[in-house]
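Here, each number is a calculation from the coordinates, and none is a lab measurement. Note that the structure is predicted; figures quoted are calculated from it, not measured. A quick note on method: Cβ atoms are made from the backbone with ideal geometry, for glycine too, and the neighbour counts reach across all protein chains shown.
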Amino acid sequence: MATNMSKWMVPVIGMVLGLLIAAAELGRGASPAQAAVAFVIVAGYAITLRVLQSRSDLASVLSGLPRDERWESINQRALSLAAQLVAVVLVSAFLVTQFSGLDSTPYAWVGAVFAAAYLGGLVWYRSRS
């Protein structure tokens with residue numbers, strides 16, 4: 001039961017996100033066709049992952065259901081690389097906006113949330129092991 005539910009979690013979330021994005025597009029004055037395209041892109045991605053997750057190792061990882069320990073390890077390393085790159089981009093964007101006299105507050109907030117999540121994760125997982 002839990003496995004069936006987890007297999008459908010990504011498509012359900014994709015549909016909800018697609019609807020929210022389409023509603024936001026309509027709220028901004030976009031045409032119904034533009035809102036439909038936004039919905040199809042997000043929902044289509046999620047449905048494609050669901051269809052391919054039993055046939056493709058990569059789709060199963062992107063769905064949050066890696067097949068085995070090897071793919072779990074690959075996923076963890078990819079997440080680590082992505083987090084490190086995001087940290088570098090955030091600090092770089094913060095510095096560029098600081099030196100150019102622009103408002104760096106958004107980058108500071110996102111960086112603070114990133115740092116708090118990382119430090120909180122360290123504390124949480126250390127206490128659990």
Answer with yes or no whether W71 is closer than 30 Å to K7 by Cβ and of a type outside the set (A, V, I, L, M).
yes
Looking at segment 71-88, I want the residues that are over 11 Å from F114 (Cα atoms) and have a partner that is of a type outside the set (K, R) and assigned to a helix (DSSP H, G or I) with Cβ atoms under 8 Å, at least 6 apart or on another chain. Which pairs are those?
W71/D57; W71/S60; W71/V61; I74/V61; N75/V61
Please enumerate the residues belonging to segment 3-37 that are surrounded by 14 or more Cβ atoms within 10 Å (Cβ to Cβ) and outside any helix (DSSP H, G or I).
A30
Can you pull out every residue in segment 38-78 that is part of a helix (DSSP H, G or I), more than 16 Å from the chain's Cα centre (by Cα) and of a type in the set (K, R)?
R50, R70
